[in-house]
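Below is one structure, written out as structure tokens; the observations come after it.
The values are calculated or read from the model by the stated rules, or taken from the named source; none is laboratory data. Only a predicted model underlies this, so the values are computations on that prediction, with no experimental measurement involved. Methodologically, a virtual Cβ is constructed for each residue, glycine included, from the backbone with ideal geometry; neighbour enumeration extends over all protein chains shown.
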Amino acid sequence: MKLSQKSKSINPAITLALTSKAIEMIKDGVDVINFSSGEPDFETPDYIKKAGIDAIENLSLYSDSDGLKELREAIAKKLLKENNLKYSYNQIIVCHGAKQALNNAFFAILDEGDEVIIPAPYWTSYPEIVKNCGGKPVFIYTQKEDCFKVTTQMLESALTPKTKAIIINTPNNPTGMVYTEEELSQIANFAVENDLFVISDELYEKLIYSNKIKHTSIASLGKEIYDRTIIINGFSKCYAMSGWRIGYTASNKKIAKVMSNIQNHTTSSVNVIAQRAALEALTSSNPILEDILYEFKKRRDYISQQISDIPMLSSLRPKGAFYQFIDVSKLFGHKVDDIIIEDSEDVAKILLDKYRVCVVPCNMFGYKKYIRLSYTTNMQNIVEGINRIEQFVKQNF
Ligand SMILES: Cc1ncc(COP(=O)(O)O)c(C=O)c1O
């Protein structure tokens, strides 16, 4: 019996594996501070849960495979109001999280061997999803000097006759950077000139920590780029609904139709209970978001300041999302007990095993010199976790 070559090329989700190890240690009574989780630590608000409970009691049969019409209409309304984007409900497909939205999008556009430009550092699943759909990830290693944002010169150097699409993720996981309208406009021109699709992952759009910075959707920058963009968004991060598994795509009608066929014959609709809850999240007034933003900003401010005070570590101050991307390369080549530190994975292992702090090594985001801290844990844990990281540096280097 032989498994497919394609299945063997897909790497395990290491971020989840690390989180699982930390959780196991916590269950065993070890006081691990977990900075690895990629989901908000807030409960889904009660009014959203209640809509789910009502749906269980009254409305629990299949919905249209693309999602409840009311929910797709509400998403279209949100896109118009918040993003200046005009879509009808049948251009929206409600998916099982942004992950399925990405899978549908790449399945719809890629032929075997088509290349997808992925600016690094990147969210760990992008390359695997591209490979899953027959494509070839092509990485561009963005620079700290450019705030880890891709430029058109970099895109130019990665372009080949097989290039089919570019992924743009703003606000970004893992860097926390946010693209400006001007930067997106240049990328949009590049995509149009070179006949490329843009997969625009906007999952963290509401998590931005300054009134002076605004989220722009690249699709809103003109008719031509609108036509070739597939927006990826969802409820996991901004509504504290990660476990409900609701994401969506917005695209032109032709792409939407193809993605609809794909979803129809794979998972069909997302469960209607979660869809009803998502509808409530979108249509009721939303005080929770302000609370979440306030709390994340407080944590972001604290972590950024503390990390900048620890010798040998350096980091840009994130503008959005809930991650701090930290350069640990000055620790490389030094010996801690019997281990000579060679990359961020060694740093992460020592931090977990000896200091009981779980961070994500960014090897799997394409950056061996960096670790990622999620500030999805409370302030008390953050203070203790940063203290432990400081001890690790001060005791060993
Ligand atoms: C940038 C980015 N895109 C997509 C996803 C997947 O989100 P979901 O949980 O809605 O599938 C994540 C999750 O961490 C992410 O960080």
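If I filter the range 188-244 down to residues being out of contact with any Gly (no Cβ under 7 Å at 6 or more places or on another chain) and of a type in the set (Phe, Trp, Tyr), which single residue comes out as farthest from Ile109 (Cα to Cα)?
Tyr239
I'm trying to understand the selection: among the residues of the range 239-269, which are more than 22 Å from the chain's Cα centre (by Cα) and charged (D, E, K, R)?
Residues satisfying the conditions are Lys253, Lys254, Lys257.
Tally time: how many residues in the range 195-239 are part of a loop (DSSP other than H, G, I, E, B) and within 14 Å of the ligand (Cβ to nearest atom)? First the steps, then the outcome.
Just the residues of the range 195-239 that are part of a loop (DSSP other than H, G, I, E, B), to begin with: 195-196, 202-207, 209-217, 221-222, 235-239.
After this cut, where a residue has to be within 14 Å of the ligand (Cβ to nearest atom) as well, the list is 202-207, 215, 235-239.
So the answer is 12.
Can you go through Tyr375, Tyr370 and tell me which one is in contact with an Asp or Glu (Cβ under 7 Å, 6 or more places away or on another chain) and either among the aromatic types (Phe, Trp, Tyr) or within 20 Å of Pro318 (Cβ to Cβ) (or both)? Spell out the reasoning first.
Working: Tyr375 fails: in contact with an Asp or Glu (Cβ under 7 Å, 6 or more places away or on another chain).
Just one listed residue meets the conditions, Tyr370.
Looking at Ala120, Ala98, Ala105 in this structure, which one is under 19 Å from the mean Cα position of the chain (by Cα) and more than 24 Å from Val270 (Cα to Cα)?
Numbers: Ala98 fails: more than 24 Å from Val270 (Cα to Cα); Ala105 fails: more than 24 Å from Val270 (Cα to Cα).
Answer to the check: Ala120.
If a residue must be hydroxyl-bearing (Ser, Thr, Tyr) and either assigned by TED's automatic domain parsing to the domain that holds Gly320 or in contact with a Lys or Arg (Cβ under 8 Å, 6 or more places away or on another chain) (or both), how many such residues does the range 178-227 contain?
Going through the range 178-227, the residues hydroxyl-bearing (Ser, Thr, Tyr) turn out to be 179-180, 185, 200, 204, 209-210, 216-217, 220, 226.
After this cut, where a residue has to be either assigned by TED's automatic domain parsing to the domain that holds Gly320 or in contact with a Lys or Arg (Cβ under 8 Å, 6 or more places away or on another chain) (or both) as well, the list is 179, 204, 209-210.
Summing the residues that are hydroxyl-bearing (Ser, Thr, Tyr) and either assigned by TED's automatic domain parsing to the domain that holds Gly320 or in contact with a Lys or Arg (Cβ under 8 Å, 6 or more places away or on another chain) (or both) in the range 178-227 gives 4.
Among the residues of the range 240-258, how many are within 18 Å of Ala278 (Cβ to Cβ) and outside any loop (DSSP other than H, G, I, E, B)? Talk me through it step by step, then tell me what you get.
Applying the first criterion (within 18 Å of Ala278 (Cβ to Cβ)) to the range 240-258 yields 240-250.
In the following step, the residues that additionally are outside any loop (DSSP other than H, G, I, E, B) were identified as 242-244, 247-250.
Here the count works out to 7.
Ile167 is checked against (1) within 13 Å of the ligand (Cβ to nearest atom); (2) in a loop (DSSP other than H, G, I, E, B) and fails just one. What number does that condition carry?
It is condition (2) that Ile167 fails.
Just to confirm my filter: which helices (runs of 4 or more DSSP H) fall fully inside the range 286-397 and include at least 3 residues that are acidic (Asp, Glu)?
Values: elements: 287-309, 344-355, 379-396.
Passing ranges, in order: 287-309, 344-355.
Select, from Ser315, Ser251, Ser260, Ser268, the only residue that is of a type in the set (Ser, Thr, Tyr) and either within 15 Å of the ligand (Cβ to nearest atom) or surrounded by fewer than 17 Cβ atoms within 10 Å (Cβ to Cβ) (or both).
Numbers: Ser315 fails: either within 15 Å of the ligand (Cβ to nearest atom) or surrounded by fewer than 17 Cβ atoms within 10 Å (Cβ to Cβ) (or both); Ser251 fails: either within 15 Å of the ligand (Cβ to nearest atom) or surrounded by fewer than 17 Cβ atoms within 10 Å (Cβ to Cβ) (or both); Ser260 fails: either within 15 Å of the ligand (Cβ to nearest atom) or surrounded by fewer than 17 Cβ atoms within 10 Å (Cβ to Cβ) (or both).
Answer to the selection: Ser268.
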